[in-house]
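**Student:** My structure is below; once you've seen it, I'll send some questions.
The values are calculated or read from the model by the stated rules, or taken from the named source; none is laboratory data. Note that this is a predicted model, so its numbers are computed, not measured. Here the Cβ positions follow ideal geometry from the backbone for every residue, glycine too, while neighbour counts run over all protein chains shown.
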């Protein structure tokens with residue numbers, strides 16, 4: 001199948017006869033195909049949120065080079081996908097910080113855009129509600145069974161929601177012009193998986209949850225503020241949110257759901273994000289020069305093509321070794337090298 005045929009297939013997958021054909025770009029196609037695949041496999045109604053999110057992010061990474069190649073052959077902009085793992089462990093785990101991942105979309109020119117996500121599953125498809133209350137148990141300082149010291153609040157004793165709010169505000173403080181009040185944090189979302197749909201509820205629609213938690217004075221335990229009903233929380237489509245984010249022509253107030261970041265602020269923001277969550281960078285246009293990746297913010301692998309060839313060579317050697325067990329030793333390995341028996 002040629003690149004032209006692949007592009008035609010992509011556009012055919014994302015177009016309905018009863019609706020006008022959308023103006024796709026490679027990055028938009030990557031997002032839309034990934035979500036379509038996830039929902040068509042009915043994973044959002046059968047699988048917990050952690051593996052569902054892993055599948056979604058893996059689909060983005062797998063489809064980005066395919067869509068990029070197909071669109072570039074038509075002289076349109078391609079796209080790329082990078083992963084930056086969060087720093088440290090322990091108190092920097094998702095359960096401790098309250099965020100699953102951050103997504104930054106970059107363009108060749110103009111501001112980038114950021115959204116932060118915490119995944120949840122609906123508790124009831126009928127009511128379209130979910131429970132965001134998650135608090136780790138308080139722990140003793142030493143030897144839980146024998147210690148005589150009073151119980152101490154650990155950092156994870158704070159509700160996940162409040163940790164998410166705190167990190168969103170800290171991120172906003174590193175972005176020029178960003179407002180830190182909760183009612184303005186429309187770019188940090190609960191990503192809610194439901195049957196046949198994925199929706200987002202942003203923090204600016206959850207001010208009442210913060211007020212509910214504010215009535216608790218530690219070390220008293222935090223009370224559950226109650227389930228969140230998406231139909232009354234201005235929930236929006238995740239598919240639509242990513243489509244908007246991948247459209248460079250959409251800017252300003254129409255970009256609600258994303259935080260715009262000036263190019264000079266991208267690296268400091270990414271470093272700040274990496275203190276509490278994984279960061280994924282999607283780029284509309286040519287792939288960035290990985291040699292210029294800020295030191296200490298992420299791994300810098302060789303170019304994707306060279307890296308893929310190295311992996312393929314290794315895999316072929318391994319498969320040749322396995323095939324050699326049942327085939328004529330005179331058979332020439334696909335890798336061109338003698339089978340390595342281990």
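**Student:** Please determine whether any residue of region 84-94 is in the same structural domain as residue 274 (by TED's automatic domain parsing), modelled with pLDDT of 90 or more and out of contact with any helix residue (DSSP H, G or I) (no Cβ under 8 Å at 6 or more places or on another chain).
**Tutor:** The answer is yes; a qualifying residue exists.
**Student:** Looking at residue 32, is it in contact with a helix residue (DSSP H, G or I) (Cβ under 8 Å, 6 or more places away or on another chain), at pLDDT 90 or above, surrounded by 16 or more Cβ atoms within 10 Å (Cβ to Cβ) and in the same structural domain as residue 101 (by TED's automatic domain parsing)?
**Tutor:** Details: in contact with a helix residue (DSSP H, G or I) (Cβ under 8 Å, 6 or more places away or on another chain): yes; at pLDDT 90 or above: yes; surrounded by 16 or more Cβ atoms within 10 Å (Cβ to Cβ): yes; in the same structural domain as residue 101 (by TED's automatic domain parsing): yes.
When the stated conditions are applied, residue 32 passes them.
**Student:** Okay, next question. Out of the residues in region 198-232 that are closer than 24 Å to residue 55 by Cβ and in contact with a helix residue (DSSP H, G or I) (Cβ under 7 Å, 6 or more places away or on another chain), state the one that is surrounded by the fewest Cβ atoms within 10 Å (Cβ to Cβ).
**Tutor:** Step by step, filter region 198-232, then rank; the result is 198.
**Student:** Which residue is modelled with the lowest pLDDT, if the candidates are limited to region 99-124 and must be part of a loop (DSSP other than H, G, I, E, B) and touching a strand residue (DSSP E or B) at 6+ places or on another chain (Cβ under 6 Å)?
**Tutor:** The extreme case among them is 99.
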